[in-house]
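Q: One structure, as structure tokens, below. Some questions next.
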Amino acid sequence: MSSELHFDVLVAGAGPAGIAAGCAAAESSARTCVIDDNPAPGGQIWRGDTSQRVTRLVESGANVMTSTTLIDCPSKGVAVVLRGTQSCTISWDRMVIATGARERWIPFPGWTLPNVMGAGGLQALAKGGLPIRGKRVVVAGSGPLLLAVAAYLKQHGAIVPVIAEQADFGKLMRFGMSLLAHPTKLIQAAMLQAQLAGTGYLSGCWPVRAHGKAHLESVTLFRNGRTRTVPCDYLAVGFGLVSNTELAELLGCQVNEGGVVVDEWQETTVAGVFCAGEPTGIGGVDIAIAEGVVAGYAAAGAKDKARANFRARDSVRRFAVGLNEAFALRPDLKALADDETIVCRCEDVTLGRLKARHDWRDGKLHTRCGMGPCQGRVCGPAVEWLLGWPRTSVRPPLYPVPIGSISEVRK
Amino acid sequence: MPETVSLTINGRKISVAAGTPVAVAALLAGPTAALRRSAHGGARGPLCGMGICYECRVTIDGVSQTKSCQTPCRDGMVVVTDEF
């Protein structure tokens, strides 16, 4: 184990919320460290972004540790992190959890075929250099991310024949009207619409089967009682986002259906542990930044500065309510997977095998569902939604680690 | 930092822009869109692109189960994916 580090404020996650919190804490003279498992700060939305917001973090004086994965908090004030195959311990007085969100996938036949990717997943790889010019990409699932991803792909030369949004037109219209109360969102929506000219945006439409032998060749979409099959190179699919609450749960913070419970200072039910952005409830980048600012100042003990940012935060938060109502998942999607459809991709567990079990524990014991490397991050939300099994407790390590690195820490 | 780096993927040499994730380089190297075989032998490629799903895991410089989407390519790297 390498040398021990100590910080006043440890920020877990270097996306919009973590960057905002890290800047606020470091600029308030707290010894601050921001860690992230990705090779560069920015999170998903600012991936590959080298603009002001990312450089401000570096200039804030915060210690930024990338390619660093937080795997355990064996006691309060201690974090074990993994860098490559080496682990080390960081001690902290206050923590800001800014672990973001992941995509939600609803299993359907063919969704395990290569080139069926997350909507954000394909965008991330495209930002990393995966060539998409001239490729046909069907974008499907639910939520505003589909529009952003489709616009990005088109800008970079992809052909997007259709965006299939499962939500109904009526709900989307009501959401559209609610945007009138949020002028910046309205402008963003108008810009996306302009970028997406020529692409069909179909509401009440969803994928029912992906086809292909070695990889994806086409996808069948369902709408208004009819199906049609669209040839494509990629299917970019995601049914909204799921909060990454594993670290908060490990620390004993209360988590309810909406996410990690926080007070006006963004402090969780565990004193000294703060939370900002998507883990407190899916709401998007503006809320993440606003919450991160409050959390960072509060964690650094700069209460006046934190309080001065309450109003800005509370005004952007109102947007999230309409968002989650408009894109609520329709029950029809529960019928997409058949008994042969794989639900747990790590252990190849089908829905048919899971239906014979009665809860997570029983499912794990008999099928190994949720026990592979992703530790249920992909299948967990799907199983919860499909079968109604409530989530189980989180245990360390938060991510799979080489066995040698664990034995070093426990020495 | 050099503008391009050269690495070996399944014995094949490939040059990519510095900073390219190994997952992208491996898909470029081909010949398939799959990087690994599942527990029951199914072909799998990247899903989440952000270090959550582990569907892109490969062997990098002898270290197995490495998430290729979160690992930038480096000069001289040796990458092995499952065979197809």
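The values are calculated or read from the model by the stated rules, or taken from the named source; none is laboratory data. Please read these numbers as outputs of a predicted model, since none were measured by experiment. Please note: Cβ atoms are built from the backbone with ideal geometry, for glycine as well, and neighbour counts cover all protein chains shown. Just the protein is used for accessible areas: all its heavy atoms, side chains included, with ligands, DNA and RNA removed. Shrake-Rupley method; radii C 1.70, N 1.55, O 1.52, S 1.80 Å.
Q: Out of the residues in segment A:283-302 that are closer than 13 Å to A:Ile45 by Cβ and in a loop (DSSP other than H, G, I, E, B), which is most open to solvent (accessible area, probe 1.4 Å)?
A: Filtering segment A:283-302 for residues that are closer than 13 Å to A:Ile45 by Cβ and in a loop (DSSP other than H, G, I, E, B), the one most open to solvent (accessible area, probe 1.4 Å) comes out as A:Gly284.
Q: Yes or no: A:Val316 within 14 Å of chain B (Cβ to nearest Cβ), not basic (Lys, Arg) and not in a loop (DSSP other than H, G, I, E, B)? Lay out the reasoning, then the answer.
A: Values: within 14 Å of chain B (Cβ to nearest Cβ): no; not basic (Lys, Arg): yes; not in a loop (DSSP other than H, G, I, E, B): yes.
Against the criterion (within 14 Å of chain B (Cβ to nearest Cβ), not basic (Lys, Arg) and not in a loop (DSSP other than H, G, I, E, B)), A:Val316 does not qualify.
Q: Let me ask another. Find the strands (runs of 3 or more DSSP E) located wholly in segment A:189-247 whose residues include 2 or more that are in contact with a Lys or Arg (Cβ under 7 Å, 6 or more places away or on another chain) and either of a type in the set (A, V, I, L, M, F, W, C) or surrounded by 15 or more Cβ atoms within 10 Å (Cβ to Cβ) (or both), and list them. Give the steps one after another, and end with the answer.
A: On the way: elements: A:200-203, A:205-211, A:218-223, A:226-231, A:234-239, A:241-243.
Because the criterion is at least 2 residues that are in contact with a Lys or Arg (Cβ under 7 Å, 6 or more places away or on another chain) and either of a type in the set (A, V, I, L, M, F, W, C) or surrounded by 15 or more Cβ atoms within 10 Å (Cβ to Cβ) (or both), the strands (runs of 3 or more DSSP E) in segment A:189-247 that meet it are A:218-223, A:234-239, A:241-243.
Q: Just to be sure before I move on: is A:Glu325 open to solvent by 40 Å² or more (accessible area, probe 1.4 Å) and modelled with pLDDT of 95 or more in the structure I sent?
A: Working: open to solvent by 40 Å² or more (accessible area, probe 1.4 Å): yes; modelled with pLDDT of 95 or more: no.
For A:Glu325, the condition - open to solvent by 40 Å² or more (accessible area, probe 1.4 Å) and modelled with pLDDT of 95 or more - is not met.
Q: Answer yes or no: is there a residue in segment A:131-140 that is closer than 23 Å to B:Cys53 by Cα, of a type outside the set (A, V, I, L, M, F, W, C) and touching a Cys at 6+ places or on another chain (Cβ under 8 Å). First the steps, then the outcome.
A: Filtering segment A:131-140 down to residues closer than 23 Å to B:Cys53 by Cα leaves A:131-132, A:137-140.
Now drop any that are not of a type outside the set (A, V, I, L, M, F, W, C), which leaves A:131.
Restricting the remaining residues to those that are touching a Cys at 6+ places or on another chain (Cβ under 8 Å) gives none.
No: segment A:131-140 contains no residue that is closer than 23 Å to B:Cys53 by Cα, of a type outside the set (A, V, I, L, M, F, W, C) and touching a Cys at 6+ places or on another chain (Cβ under 8 Å).
Q: If I ask for residues that are closer than 24 Å to A:Val242 by Cβ, facing chain A (nearest Cβ under 7 Å), surrounded by 16 or more Cβ atoms within 10 Å (Cβ to Cβ) and not aromatic (Phe, Trp, Tyr), which ones from segment B:39-56 would you list?
A: Residues satisfying the conditions are B:Arg44, B:Gly45, B:Pro46, B:Leu47, B:Cys48, B:Gly49, B:Met50, B:Gly51, B:Ile52, B:Cys53, B:Glu55.
Q: Restricting the search to segment A:119-138, which residues are within 10 Å of chain B (Cβ to nearest Cβ), assigned to a loop (DSSP other than H, G, I, E, B) and of a type in the set (Gly, Ala, Ser)?
A: The answer is A:Gly128, A:Gly129.
Q: Turning to a different aspect of this structure: Starting from residues that are in a loop (DSSP other than H, G, I, E, B) and aliphatic (A, V, I, L, M), keep the ones in segment A:260-282 and report whichever is surrounded by the fewest Cβ atoms within 10 Å (Cβ to Cβ).
A: So, considering only residues that are in a loop (DSSP other than H, G, I, E, B) and aliphatic (A, V, I, L, M), the one surrounded by the fewest Cβ atoms within 10 Å (Cβ to Cβ) is A:Ala271.
Q: Still on this structure, please answer the following. With respect to the numbered conditions (1) facing chain A (nearest Cβ under 10 Å); (2) modelled with pLDDT under 95, which one is the sole condition not fulfilled by B:Thr20?
A: With (1) facing chain A (nearest Cβ under 10 Å); (2) modelled with pLDDT under 95 applied to B:Thr20, the lone miss is (2).
Q: Continuing with this model, one more query. If I go through segment A:121-137 residue by residue, how many of them are open to solvent by less than 20 Å² (accessible area, probe 1.4 Å) and in contact (Cβ under 8 Å) with a residue 60 or more places away in the chain? So that I can check it myself, show each step before the final result.
A: So in segment A:121-137, the residues open to solvent by less than 20 Å² (accessible area, probe 1.4 Å) come out as A:121-122, A:124-126, A:128, A:130, A:132, A:137.
Filter once more, so that each one left must be in contact (Cβ under 8 Å) with a residue 60 or more places away in the chain: A:121-122, A:124, A:128, A:132, A:137.
Of the residues in segment A:121-137, 6 are open to solvent by less than 20 Å² (accessible area, probe 1.4 Å) and in contact (Cβ under 8 Å) with a residue 60 or more places away in the chain.
Q: All but one of (1) within 13 Å of chain B (Cβ to nearest Cβ); (2) at pLDDT 95 or above; (3) over 26 Å from A:Ile282 (Cβ atoms) hold for A:Asp339, so report the exception by its number.
A: Here A:Asp339 clears every test but (1).
Q: Within segment A:158-178, take every residue that is over 23 Å from the mean Cα position of the chain (by Cα) and in a helix (DSSP H, G or I) and give me the one that is modelled with the highest pLDDT.
A: Of all residues in segment A:158-178, those over 23 Å from the mean Cα position of the chain (by Cα) come to A:158-162, A:168-171, A:173-174, A:176-178.
Those still in the list that are in a helix (DSSP H, G or I) too: A:169-171, A:173-174, A:176-178.
Details: A:Phe169: 83, A:Gly170: 80, A:Lys171: 80, A:Met173: 77, A:Arg174: 77, A:Gly176: 74, A:Met177: 67, A:Ser178: 71.
Filtering segment A:158-178 for residues that are over 23 Å from the mean Cα position of the chain (by Cα) and in a helix (DSSP H, G or I), the one modelled with the highest pLDDT comes out as A:Phe169.
Q: Hey, can you tell me all the residues within segment A:343-370 that are touching a residue at least 24 places away in the same chain (Cβ under 8 Å) and within 15 Å of A:Pro109 (Cα to Cα)?
A: A:Val343, A:Cys344, A:Arg345, A:Val349, A:Leu351 - these are the residues of segment A:343-370 that are touching a residue at least 24 places away in the same chain (Cβ under 8 Å) and within 15 Å of A:Pro109 (Cα to Cα).
Q: Still on this structure: Run A:Ser405 past the list (1) modelled with pLDDT under 85; (2) within 22 Å of A:Ala248 (Cα to Cα) and report the number of the one that doesn't hold.
A: Of (1) modelled with pLDDT under 85; (2) within 22 Å of A:Ala248 (Cα to Cα), only one is false for A:Ser405: (2).
Q: Exactly one condition in (1) charged (D, E, K, R); (2) under 24 Å from B:Gly42 (Cα atoms); (3) crowded, with 18+ Cβ neighbours inside 10 Å; (4) away from every other protein chain (no Cβ under 14 Å) is not met by A:Arg345; state its number.
A: (4)
Q: When you look at A:Gly372, is it more than 23 Å from A:Gly18 (Cα to Cα), surrounded by fewer than 14 Cβ atoms within 10 Å (Cβ to Cβ) and touching an Asp or Glu at 6+ places or on another chain (Cβ under 8 Å), yes or no?
A: Criteria not met by A:Gly372.
Q: Quick one: A:Arg94 ticks every box in (1) open to solvent by less than 20 Å² (accessible area, probe 1.4 Å); (2) part of a strand (DSSP E or B) bar one, so which box is it?
A: (1)
Q: Right, next: Report whether or not B:Glu83 is of a type in the set (Asp, Glu) and within 7 Å of chain A (Cβ to nearest Cβ).
A: no
Q: Do we have any residue at all in segment A:161-177 that's charged (D, E, K, R), under 18 Å from A:Ala320 (Cα atoms), in contact with a helix residue (DSSP H, G or I) (Cβ under 8 Å, 6 or more places away or on another chain) and open to solvent by 60 Å² or more (accessible area, probe 1.4 Å)?
A: yes
Q: Another one. Looking at A:Gly376, A:Gly404, A:Gly363, can you tell me which residue is part of a helix (DSSP H, G or I) and within 14 Å of chain B (Cβ to nearest Cβ)? It would help to see each step written out before you state the result.
A: Details: A:Gly376 fails: part of a helix (DSSP H, G or I); A:Gly363 fails: within 14 Å of chain B (Cβ to nearest Cβ).
One residue alone meets the criteria, A:Gly404.
Q: Next up: Given the criterion out of contact with any Leu (no Cβ under 9 Å at 6 or more places or on another chain) and in a loop (DSSP other than H, G, I, E, B), identify the matching residue among A:Pro114, A:Pro107, A:Pro74. Let's see the steps before the verdict.
A: Working: A:Pro114 fails: out of contact with any Leu (no Cβ under 9 Å at 6 or more places or on another chain); A:Pro107 fails: out of contact with any Leu (no Cβ under 9 Å at 6 or more places or on another chain).
Being out of contact with any Leu (no Cβ under 9 Å at 6 or more places or on another chain) and in a loop (DSSP other than H, G, I, E, B) holds for just one of A:Pro114, A:Pro107, A:Pro74, which is A:Pro74.
Q: Continuing with the same structure: Checking B:Ile9 against (1) at pLDDT 95 or above; (2) surrounded by fewer than 21 Cβ atoms within 10 Å (Cβ to Cβ), which test does it fail?
A: Among (1) at pLDDT 95 or above; (2) surrounded by fewer than 21 Cβ atoms within 10 Å (Cβ to Cβ), the lone unmet condition for B:Ile9 is (2).
Q: Further question: Can you tell me which residue in segment A:72-118 is nearest to B:Gln70 (Cα to Cα), limited to those that are within 14 Å of another protein chain (Cβ to nearest Cβ) and of a type in the set (Lys, Arg)? Walk me through how you get there before you give the answer.
A: The first filter runs over segment A:72-118 and keeps only residues within 14 Å of another protein chain (Cβ to nearest Cβ), leaving A:82-86, A:99-118.
Okay, now just the ones that are also of a type in the set (Lys, Arg), so A:83, A:102, A:104.
Working: A:Arg83: 12, A:Arg102: 15, A:Arg104: 20 Å.
The extreme case among them is A:Arg83.
Q: So, one more: If you take the residues in segment B:23-38 that are within 7 Å of chain A (Cβ to nearest Cβ) and not hydrophobic (A, V, I, L, M, F, W, C), which one is nearest to B:Ser64 (Cα to Cα)?
A: First, the residues of segment B:23-38 that are within 7 Å of chain A (Cβ to nearest Cβ): B:23-24, B:27, B:32-34, B:38.
With the extra rule that they be not hydrophobic (A, V, I, L, M, F, W, C), the set shrinks to B:32, B:38.
Numbers: B:Thr32: 20, B:Ser38: 15 Å.
Here the residue is B:Ser38.
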